[in-house]
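For reference, the structure is listed below as structure tokens.
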Amino acid sequence: MLEEVRPDGRSLERHAAEVVAWQDECRTRHTWRVLRAPPRNGWPETLAATYRAIARASGAEVIVDSSKYASDAALLSGLPGVEGRYVHLIRDPRAVAWSWARPKAYTGHRSPLNSTLHWTGFNLAAEAVGRAHREDSLHMRYEALAGSPRAAVDAVLALLGHDGPNPVGADGAVELGGNHTVTGNPNRFARGRTVIEEDRRWRAALPRPQRSAATLLSLPLLHRYGYPKGTTTWTWD
């Protein structure tokens, strides 16, 4: 697929450098500008060509892009041959702060201040994309997905207009096969029967000062998304 999207006469190294430079002009902070006017560099065409190459190679009608960049999602409506659907998945910022604070071999470390500021920026950008595509968007909390995974996947399938079977069982388990993820959380590479459940370890493990900092910094969106300010246990409908 890399060969299909690489322009003739360009080495793989040069093309990779070009793509990185193009993406620098289409970061999360540029989402609002991209919604108004897509960049005129080669990134939109390369992204569209990549999606088409994946579809040809896999035979898939639906491609899931889990890269999480709202700025790329903002490009979808202008890409030829691509029909976009948007799922905005939200998680409690204190859980996100705990996750980023833990040492990981596959990604960097962020302080609660840094991770919460990024959480706010990413979610505001995702909201902007959702407002621009209200009929094609779905907002979902991680905790609701983990609590009722089959219902959550039903909602995503309905957004896609897909009438195929729901792969999540009544017990919240799914059979995971191979995927083409390059990097990320190790659980992305899991295989076989996997039970979808909420990771609640942060509630006991996140130190109170860090929890308070993440809460204070995220207060406006915390309220908007229905999260409590305190840290007592709650349940989801």
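Here's the yes/no breakdown for (1) surrounded by 15 or more Cβ atoms within 10 Å (Cβ to Cβ); (2) charged (D, E, K, R); (3) touching a strand residue (DSSP E or B) at 6+ places or on another chain (Cβ under 6 Å):
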site: 103; (1), (2), (3): no, no, no
site: 126; (1), (2), (3): yes, no, yes
site: 138; (1), (2), (3): yes, no, yes
site: 160; (1), (2), (3): yes, no, no
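Please determine, by comparing only the residues of region 132-171 that are of a type in the set (Gly, Ala, Ser) and either part of a helix (DSSP H, G or I) or in contact with an Asp or Glu (Cβ under 7 Å, 6 or more places away or on another chain) (or both), which one is farthest from residue 222 (Cα to Cα). Here the residue is 158.
Just so you know, in region 23-62 the residues that are in a loop (DSSP other than H, G, I, E, B) and among the basic types (Lys, Arg) include one that is surrounded by the fewest Cβ atoms within 10 Å (Cβ to Cβ), and it is 40.
Given the criteria over 20 Å from residue 66 (Cβ atoms) and surrounded by 17 or more Cβ atoms within 10 Å (Cβ to Cβ), does residue 78 qualify? Here the answer is no, as residue 78 does not meet what is asked.
Which members of region 82-136 meet the condition of being within 30 Å of residue 61 (Cβ to Cβ) and basic (Lys, Arg)? Listed by number, the residues that qualify are 85, 91, 131, 134.
The conditions of being exposed (fewer than 11 other Cβ atoms within 10 Å of the Cβ), within 21 Å of residue 133 (Cβ to Cβ), at pLDDT below 90 and of a type in the set (Ser, Thr, Tyr) are not met by residue 11. Within region 157-211, the set of residues being modelled with pLDDT of 90 or more and within 19 Å of the chain's Cα centre (by Cα) comprises 157, 158, 159, 160, 196, 197, 198, 199. Looking at region 105-119, which of its residues are crowded, with 17+ Cβ neighbours inside 10 Å and β-branched (Val, Ile, Thr)? If the condition is that a residue be crowded, with 17+ Cβ neighbours inside 10 Å and β-branched (Val, Ile, Thr), then 116 is the only one that fits. Just so you know, in region 63-108 the residues that are of a type in the set (Phe, Trp, Tyr) and part of a loop (DSSP other than H, G, I, E, B) include one that is farthest from residue 25 (Cα to Cα), and it is 106.
The values are calculated or read from the model by the stated rules, or taken from the named source; none is laboratory data. All values reported here derive from a predicted model rather than from experimental measurement. Cβ coordinates were reconstructed from backbone atoms using ideal geometry, including for glycine residues, and neighbour counts include every protein chain displayed.
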